[in-house]
């Protein structure tokens, strides 16, 4: 029996991109677009040594029942939000992440959320659609100070764009970088806007806790296009309720999709997007081509079935 490769959670946006970037010599990829529960994984992945995962949860105990699975190619940089990478490795399944494919796309999305929050665009949009005409005063970003937490590829691209619109940039990075001269306390205290670009790890989970949120400048904006678990969401809601943080632009959440009953989903001072920062055709094409290259390499290394 031939070995299967399954793209387990393909969607209508990614399917045509996958077809467009496929090349002669790529292993055949089966595509699943149907909804499934985690309990369905052993059935779906029967006979699969490799699967491609967009943003589905892969519980360790259930993956352990996928007897043929050896490699997960995760479409993104942060598989830790969806699976326990180290536990899977101990169980014989290697997770392959893909970095650097969408730095510009995510940076542009962070800047878009920053503008939307600064001018309260989402709230005015909701008001107008509900029959209320309420012009709202916003924040002019030129001349303001942007604090960037994390100077990887995305953080550096955000800094470049921000300087182009006349913002002063302060930056902090977990490891020493010449351009990240500020301390975390100074960046939070002095910035009019704070944008998160840290990787999620045990060390950074809950990084912006109640104390750090309280140390931000009153009336500041918070932008998160990195990982939801970097921020203590309960503390963020409380800071928004007090007006200490004026507005938040959030593309990521501790649990996705965001539940309708979650306080952030109905908060008037929050602008939401559906973990879409990296969703441009250009970024998706790069991402899927790199995923196919990984699959191709893995299949070439396996003994013939």
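The values are calculated or read from the model by the stated rules, or taken from the named source; none is laboratory data. From a predicted model like this one, the values you see are computed outputs, not experimental measurements. Note: ideal-geometry Cβ built from the backbone for every residue, glycine included; neighbour counts use all protein chains shown.
Structure notes:
- Options 285, 254: the member that is in contact with a helix residue (DSSP H, G or I) (Cβ under 8 Å, 6 or more places away or on another chain) and touching a residue at least 60 places away in the same chain (Cβ under 8 Å): 285
- Qualifying positions in region 153-178 - in a loop (DSSP other than H, G, I, E, B) and either buried (at least 19 other Cβ atoms within 10 Å of the Cβ) or without any contact (Cβ under 8 Å) to a residue 24 or more places away in the chain (or both): 167, 173, 175, 176, 178
- Qualifying residue in region 65-72 (condition: modelled with pLDDT of 95 or more and within 20 Å of the chain's Cα centre (by Cα)): yes
- Residue 229 over 21 Å from residue 112 (Cα atoms) and in contact with a helix residue (DSSP H, G or I) (Cβ under 6 Å, 6 or more places away or on another chain): no
- Of the residues making up region 1-30, those that are outside any loop (DSSP other than H, G, I, E, B), out of contact with any helix residue (DSSP H, G or I) (no Cβ under 8 Å at 6 or more places or on another chain) and under 26 Å from residue 304 (Cα atoms) are 4, 19, 30.
- Taken over region 89-99, the criterion of being within 14 Å of residue 290 (Cβ to Cβ) and either buried (at least 23 other Cβ atoms within 10 Å of the Cβ) or modelled with pLDDT of 95 or more (or both) is satisfied by 96, 97, 98.
Here is a yes/no grid of residues against (1) without any contact (Cβ under 8 Å) to a residue 40 or more places away in the chain; (2) in contact with a strand residue (DSSP E or B) (Cβ under 6 Å, 6 or more places away or on another chain); (3) farther than 23 Å from residue 288 by Cα; (4) in a helix (DSSP H, G or I):
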{"site": "51", "(1), (2), (3), (4)": "no, yes, no, no"}
{"site": "65", "(1), (2), (3), (4)": "yes, no, yes, no"}
{"site": "80", "(1), (2), (3), (4)": "no, no, no, yes"}
{"site": "83", "(1), (2), (3), (4)": "yes, no, no, no"}
{"site": "87", "(1), (2), (3), (4)": "yes, no, yes, yes"}
{"site": "101", "(1), (2), (3), (4)": "no, no, no, no"}
{"site": "116", "(1), (2), (3), (4)": "no, yes, yes, yes"}
